[in-house]
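The values are calculated or read from the model by the stated rules, or taken from the named source; none is laboratory data. No experiment lies behind these values; they were computed from the predicted model shown. As a convention, Cβ positions derive from the backbone with ideal geometry for all residues, glycine included, and neighbour counts pool all protein chains shown.
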Amino acid sequence: MKLLYITRKYPPMVGGMEKTSYSLAHQFSKSVDTTLITWGKSQKYLPIVLPLFFIKALYIIPKEKITHVHIGDALLSPLGLILKKIYNVKTSITIHGLDIIFNFPGYQFIVPKAVSQLDKIICVSNATLQECLKRGIPKSKSIVINWGVDSNEWTIKATRKDLEKIVGQNLDGKKILITVGRLVKRKGVYWFIENVLPKLDKNTTYLVIGEGPEMENIKNLIDKLDLQKSVFLLGKISDKELKTIYNTADMFVMPNIKVDTSFEGFGMVAVEASSTGLPVVASKLEGIEDAVIDNKNGYLIDSKNRNLWINKIRNITKISRNQIRSWTEENYNWDKVGKSYLKYIYEN
């Protein structure tokens with residue numbers, strides 16, 4: 001059995017899909033003979049890259065005697081379908097969320113139909129599966145396999161002094177809340193700062209890690225509410241700095257809100273945070289419900305319910321960091337994910 005894995009999201013580009021694609025490829029290669037076709041640069045070159053993917057696959061499949069092809073996301077599903085028809089190879093795909101709800105002219109007419117004709121469809125969350133079913137993708141071909149995490153990757157020894165060097169502030173006696181992710185509207189950072197943060201204890205400090213189109217609006221809100229000493233937009237930081245923050249903060253908050261044109265497929269950063277033992281408080285919304293489990297690695301709160309958010313953060317029930325770390329490692333790990341993928345892909 002030989003596997004060809006095709007993905008347009010791969011290092012050295014940085015992002016959730018890039019990281020998970022790399023980890024999945026590593027898991028595949030541990031168990032089966034795996035060949036990769038990847039793209040690790042800007043997506044603006046896809047009109048050139050996709051024909052090259054096709055040409056490479058036409059050469060590799062017969063040369064390497066490929067028996068199975070795995071496609072990295074829904075956008076590539078037409079490529080997977082063409083290869084399936086040409087070579088009669090078994091073809092599977094991962095669906096993340098945004099890739100199936102994307103509403104570009106013609107996309108919803110072409111992509112769900114192509115996905116439906118592949119052999120195995122793997123969704124990263126139950127919410128993503130539901131979006132597939134809405135578009136007529138057969139449930140009989142579909143399964144949910146959540147992403148994994150390597151807890152050793154994120155857990156380091158660090159102190160508040162190390163955190164202070166990153167923030168550039170004295171954090172003695174402060175309760176540190178953090179959010180990590182691309183600053184887009186659905187992440188709910190603006191809503192959280194406007195509606196929740198002013199009602200929390202005065203010793204609360206909120207660290208926001210990431211960049212995106214909402215950053216300027218968030219900066220203006222911080223100035224408007226005079227929260228410059230409470231909220232720090234750290235932008236893009238190194239992995240080492242992020243590890244330090246995960247291991248020294250008090251709480252990870254994921255206050256997502258519903259946005260019709262957007263979607264949270266899973267919530268990988270919540271799992272990364274909890275793999276270090278950091279408790280997570282997150283919106284009970286979309287794929288986040290697969291990444292955060294009540295009283296296990298955190299708590300789910302109704303999205304935009306201001307009072308519930310305030311009360312939970314003020315009166316969070318303590319789960320020990322060791323408990324959170326152990327539970328996350330047991331339930332979200334890449335070895336388990338890789339085995340689940342291969343078992344499903346190679347089932348008759």
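Asn348 falls short on exactly one of the conditions (1) modelled with pLDDT of 95 or more; (2) more than 21 Å from the chain's Cα centre (by Cα); (3) not hydrophobic (A, V, I, L, M, F, W, C), and that condition is (1).
Of all residues in the stretch 95-149, count the ones that are among the acidic types (Asp, Glu) and over 20 Å from Val184 (Cβ atoms). Break it down stepwise before answering.
Going residue by residue through the stretch 95-149, those that are among the acidic types (Asp, Glu) are 99, 119, 131.
If we keep only those that are over 20 Å from Val184 (Cβ atoms) as well, we get 119.
Number of matching residues: 1.
Scanning the stretch 136-153 for residues that are modelled with pLDDT of 95 or more and assigned to a helix (DSSP H, G or I) yields Lys139, Ser140, Lys141. One residue alone among Thr67, Thr20 is surrounded by 20 or more Cβ atoms within 10 Å (Cβ to Cβ), within 25 Å of Lys336 (Cα to Cα) and of a type in the set (Ser, Thr, Tyr), and that residue is Thr20.
Consider the stretch 243-275 and keep the residues that are farther than 25 Å from Leu98 by Cα and in contact with a strand residue (DSSP E or B) (Cβ under 9 Å, 6 or more places away or on another chain). The one that is surrounded by the fewest Cβ atoms within 10 Å (Cβ to Cβ) is Asp250.
Restricting attention to the stretch 187-239 and to residues that are part of a helix (DSSP H, G or I) and in contact (Cβ under 8 Å) with a residue 40 or more places away in the chain, the residue that is nearest to Ser262 (Cα to Cα) turns out to be Lys187.
The residue pairs whose first member lies in the stretch 91-119 and is at negative phi, whose second member is at pLDDT below 95 and part of a helix (DSSP H, G or I), and whose beta carbons are closer than 7 Å, counting only pairs six or more residues apart or on different chains, are His96/Met17.
Looking across the stretch 278-297, the residues that are modelled with pLDDT of 95 or more and not in a loop (DSSP other than H, G, I, E, B) come down to Val280, Val281, Ala282, Ser283, Ile288, Glu289, Asp290, Ala291.
Among the residues of the stretch 31-53, the ones that are over 27 Å from the mean Cα position of the chain (by Cα) and buried (at least 18 other Cβ atoms within 10 Å of the Cβ) come to 0 in all.
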